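Read through the structure below, which is laid out as structure tokens, and then see the notes.
The values are calculated or read from the model by the stated rules, or taken from the named source; none is laboratory data. Values in this document were obtained by computation on a predicted structure and should not be read as measured data. Please note: Cβ atoms are built from the backbone with ideal geometry, for glycine as well, and neighbour counts cover all protein chains shown.
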């Protein structure tokens, strides 16, 4: 294969790897735990992991995972809860600023909410709840789709937020592509050049 063709292929593969990596941003996971007092007595602790893009300043919250909700102050002893992606446009996930430890809303007219289903009835014939980290409040939803939130329960204290030790997720779809491209590079540059001089003099 001509040297110029090899260089062209190498440049093409490098550009392709660069294009594949565009848009892949580092993410930071945060552990979140907060306890809420109920006006009828008792309390419940909500915990979970939320993800943001890494960086300084306000970063959009990308989602929540590993949710638990229950009466024990130790989140590990509470039953799992299920995160609900809202189809209601006035429940934005909002943002988080790690430097100031402040939550923000992507919609100035409404606070951000984390919607979830739990093992506990909210007293309104469903198990759906809405947590607002911005307002430090927890409210029962009016129905399983949470088109409305009833009066909130007050937090017993500020949320505990720490950088999570959870390993970042790896995009498995990139592995075959990268393997293929590395294989091409190996085939192009990994073979030893044949010494043609003895054949020419024979």
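A few remarks follow.
- Beta carbons closer than 6 Å, at least 6 apart along the sequence or on distinct chains, pair a first residue in the stretch 92-117 that is over 14 Å from residue 131 (Cα atoms) with a second that is in a loop (DSSP other than H, G, I, E, B) and modelled with pLDDT under 90 for 106/92; 106/94; 107/92.
- In the stretch 56-78, residue modelled with the highest pLDDT [restricted to those that are loosely packed, with under 13 Cβ neighbours inside 10 Å and part of a loop (DSSP other than H, G, I, E, B)]: 74
- Test for residue 163: is it closer than 23 Å to residue 82 by Cα, buried (at least 17 other Cβ atoms within 10 Å of the Cβ), modelled with pLDDT of 90 or more and in contact with a strand residue (DSSP E or B) (Cβ under 8 Å, 6 or more places away or on another chain): no
- Residue selected from the stretch 121-141 under the condition over 24 Å from residue 62 (Cβ atoms) and in contact with a strand residue (DSSP E or B) (Cβ under 7 Å, 6 or more places away or on another chain), by the criterion modelled with the lowest pLDDT: 123
- Residue ID - surrounded by the fewest Cβ atoms within 10 Å (Cβ to Cβ), chosen from residues in the stretch 109-118 that are at pLDDT below 95 and part of a loop (DSSP other than H, G, I, E, B): 109
- Residue match in the stretch 37-44 (condition: more than 19 Å from residue 164 (Cβ to Cβ), assigned to a loop (DSSP other than H, G, I, E, B) and free of Cβ contacts under 8 Å to residues at least 24 places away in the same chain): yes
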